[in-house]
1. If you place +1 on the Cβ of every Lys and Arg, -1 on the Cβ of every Asp and Glu, and leave all else neutral, what size is the dipole of region 78-148 about its Cα centre, to the nearest 20 Debye?
2. Treating the beta-carbon of each Lys and Arg as +1 and of each Asp and Glu as -1, no other charges, what is the dipole magnitude of region 109-192 about its Cα centre, to the nearest 20 debye?
3. Specify which residue in the list Thr215, Met164, Ala187 is farthest towards the positive end of the charge dipole of region 154-220, using unit charges on the beta carbon of Lys, Arg (+1) and Asp, Glu (-1), about the Cα centre.
4. Assigning unit charges at the beta carbon (Lys, Arg +1; Asp, Glu -1) and nothing else, what dipole magnitude in debye, to the nearest 20, does region 184-236 show about its Cα centre?
5. Does region 150-260 come out rounded, prolate or oblate, given a ≥ b ≥ c as the square roots of the eigenvalues of its C-alpha gyration tensor, rounded meaning a/c under 1.5 and, failing that, prolate meaning a/b above b/c?
6. Could you check how much of the accessible area of region 136-209 is carbon and sulfur, as a whole percent, using a 1.4 Å probe?
7. Could you please report the charge total around Gly188, scoring K, R as +1 and D, E as -1 over all other residues with beta-carbon less than 15 angstrom from its beta-carbon?
8. Grab the Cα-Cα distance for Ala187 and His243, subtract it from 0.36 nm times how many residues apart they are, and report the gain in nm with one decimal.
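The values are calculated or read from the model by the stated rules, or taken from the named source; none is laboratory data. Please read these numbers as outputs of a predicted model, since none were measured by experiment. Cβ coordinates were reconstructed from backbone atoms using ideal geometry, including for glycine residues, and neighbour counts include every protein chain displayed. Keep in mind that these areas ignore ligands, DNA and RNA; they rest on the heavy atoms of the full protein, side chains included. Shrake-Rupley method; radii C 1.70, N 1.55, O 1.52, S 1.80 Å.
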Amino acid sequence: MKHTIIKSEMADLDRNNDSVATYHPPFPFAEAALPDSDWHYTPESQARCIGGKTIHHFTNKRISPHIQLSLPYADNALEPVISSKTVCFHHGKHHRWYADNLNKLVAGTEFADLPLEKIVKKTVGKAFKTAIFSVAAQTWNHTFYWSSLKPKGGGEPPPVLMQMIEASFGSLDQCKKELVNAAMALAGSGWVWLVMDRGKLKVIKTGNTEVWMTTGMKPLLTIDVGEHAYYLDYQNHREDYVHAVIDKLINWGFATKNLG
């Protein structure tokens with residue numbers, strides 16, 4: 001059985017990745033048919049954009065659970081702080097690259113059916129598993145980052161988190177200042193984290209494939225400060241990006257849930 005997708009523009013099928021067929025609209029057409037019943041259409045609200053063009057993903061149902069294609073919000077939901085173009089490149093291409101390569105590397109190994117967090121924990125610090133650790137850590141970090149943001153975020157944290165912030169930093173403003181300072185002190189790509197360490201909150205920064213699991217601390221939220229996260233919108237103004245994320249997108253509710 002074949003599924004037929006009726007559209008108003010022609011789309012060419014990209015089979016470069018065997019778990020996704022990508023359609024984009026370069027010229028007029030009547031319809032495009034998918035080859036078998038193992039493929040399903042990702043809704044318009046979860047379509048990806050490249051260069052202003054919409055890319056619709058048809059995702060194989062049998063792919064590994066480590067593939068993270070869907071966001072917890074629409075691609076344009078973070079605008080105007082983070083544009084849909086940035087989200088589409090960052091999530092649809094950059095994050096996806098790590099997830100796809102993780103699935104390839106763990107196929108047929110003892111890690112194939114493990115949850116993502118366990119893969120990271122079991123491969124960290126092991127030289128012969130460096131490749132798996134690298135893509136697993138980046139897959140986990142990016143997934144956590146998207147949940148650390150929300151449309152119309154920012155503002156004041158819930159009371160329980162606010163109390164901990166004031167006890168640990170003195171004030172919410174000081175907590176925000178430490179997040180910004182950590183982001184600006186990090187050379188190159190990496191991550192800034194709000195973590196809980198032995199009952200107290202603190203801000204730490206890590207490089208690309210460093211993860212909180214190596215520190216024994218509990219992550220509450222993170223901000224990606226690699227250029228791919230902000231360059232299209234802010235060019236080299238990292239500080240402006242971080243301020244905007246903290247003031248307008250940060251998901252304090254998610255951080256509160258992570259307190260446990």
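1. On the way: 9 positive and 5 negative charges, 39 e Å.
Rounded to the nearest 20 debye, it is 180 debye.
2. Numbers: 9 positive and 7 negative charges, 50 e Å.
In total the dipole reaches around 240 debye.
3. It is Thr215, whose Cα lies furthest towards the positive end.
4. Values: 5 positive and 5 negative charges, 82 e Å.
With only Lys, Arg, Asp and Glu charged at Cβ, the dipole is about 400 debye.
5. Values: a/c = 1.82, a/b = 1.30, b/c = 1.40.
Oblate, because a/c is 1.5 or more while a/b does not exceed b/c.
6. Details: 1540 of 3140 Å².
Looking at region 136-209 in its full context, I get 49 percent from C and S.
7. Values: positive: Lys205, Arg238; negative: Glu210, Asp224, Glu227.
Charge balance in the 15 Å sphere: -1.
8. Values: separation 56, 0.36 × 56 = 20.16 nm, distance 1.76 nm.
Result: 18.4 nm gained on full extension.
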